[in-house]
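One structure below.
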Amino acid sequence: MYSNSDLIQHLIDRGALKSKIIIEAFKKIDRIDFVSAPAGSDVYEDHPLSIGFQQTISQPTTVAMMLEMLSPEKGDRILDIGSGSGWTTALLSYIAGEAGYVIGLERIDLLVAFGKENLNKYNFQNAEIIPAGKALGLPGETFDRILVSASSEEFPSELASQLETGGKLVIPVLDSIYEITKKENGALDGTRYYGFSFVPLIF
């Protein structure tokens, strides 16, 4: 695959990309703007790439699948935990639109700077990347959607309190991805997808 268009068609053919708005986001937000070595021929290949500090920009298929699980919508307030190079933050910002807002959290200071630099290439007014605090997420705030791009050893229940009723959380736990919806009574309803590998979630 040699272009963003080739990558997108590959993701559609694999069934990873389905929703019109998410496909549109992939077309508008080019992966090449979020990698450490943009001259590399593997930018549009379907595998993770190192961004330093033992972190990666995730495999495009995995990102597409997680965004489809998350089903973000225009106007959503979204928390992106483990924003890394800023690619998922930018994709979500495009989807959320001017009426929404996206906060990217990153624990490694140099990646906060890298993510901000990449996000600025798109002049988004509805997004920011900030350093992660000691607690997971942003306690005391709530979101319509929460995306976590690193694997936790167990389900972090504290994120449930940061999720709006009817909201969705997508998070890797060990080698699976969980798609969680917060029901009207506050209970969590989840689906598990097996067979994934992520860098570890640190908090």
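The set of residues from region 92-139 being of a type in the set (Lys, Arg) and touching a strand residue (DSSP E or B) at 6+ places or on another chain (Cβ under 9 Å) comprises ARG107, LYS116. A single member of GLU68, GLU24, GLU45 is charged (D, E, K, R) and either farther than 30 Å from ASP189 by Cα or assigned to a loop (DSSP other than H, G, I, E, B) (or both), and it is GLU45. Taking the options THR56, THR89, name whichever one is of a type outside the set (A, V, I, L, M, F, W, C) and within 11 Å of the chain's Cα centre (by Cα). Just one listed residue meets the conditions, THR89.
Residues of region 176-196 being of a type in the set (Phe, Trp, Tyr), free of Cβ contacts under 8 Å to residues at least 40 places away in the same chain and surrounded by 15 or more Cβ atoms within 10 Å (Cβ to Cβ), which ones? Residue satisfying the conditions is TYR178 alone.
Scanning region 140-162 for residues that are touching a helix residue (DSSP H, G or I) at 6+ places or on another chain (Cβ under 7 Å) and surrounded by fewer than 18 Cβ atoms within 10 Å (Cβ to Cβ) yields GLU141, THR142.
Here are ALA99, ALA90: which of them is at pLDDT 90 or above, part of a loop (DSSP other than H, G, I, E, B), closer than 21 Å to PHE124 by Cα and of a type in the set (A, V, I, L, M, F, W, C)?
ALA99
Do we find a residue being closer than 26 Å to PRO131 by Cβ, at pLDDT 95 or above and buried (at least 16 other Cβ atoms within 10 Å of the Cβ) anywhere in region 46-56? Looking through region 46-56, none of the residues is closer than 26 Å to PRO131 by Cβ, at pLDDT 95 or above and buried (at least 16 other Cβ atoms within 10 Å of the Cβ). Inside region 92-112, can you point out the residues that are more than 17 Å from GLY52 (Cβ to Cβ) and either over 9 Å from the mean Cα position of the chain (by Cα) or among the β-branched types (Val, Ile, Thr) (or both)? Scanning region 92-112 gives SER93, TYR94, ILE95, ALA96, GLY97, GLU98, ALA99, GLY100, TYR101, VAL102, ILE103, LEU105. Note on region 144-172: residues that are closer than 21 Å to ILE57 by Cβ and assigned to a strand (DSSP E or B) amount to 9.
The values are calculated or read from the model by the stated rules, or taken from the named source; none is laboratory data. Quick caveat, the model's predicted, so the values are computed rather than measured. Positions of Cβ are backbone-derived with ideal geometry, glycine not excepted, and every protein chain shown enters the neighbour counts.
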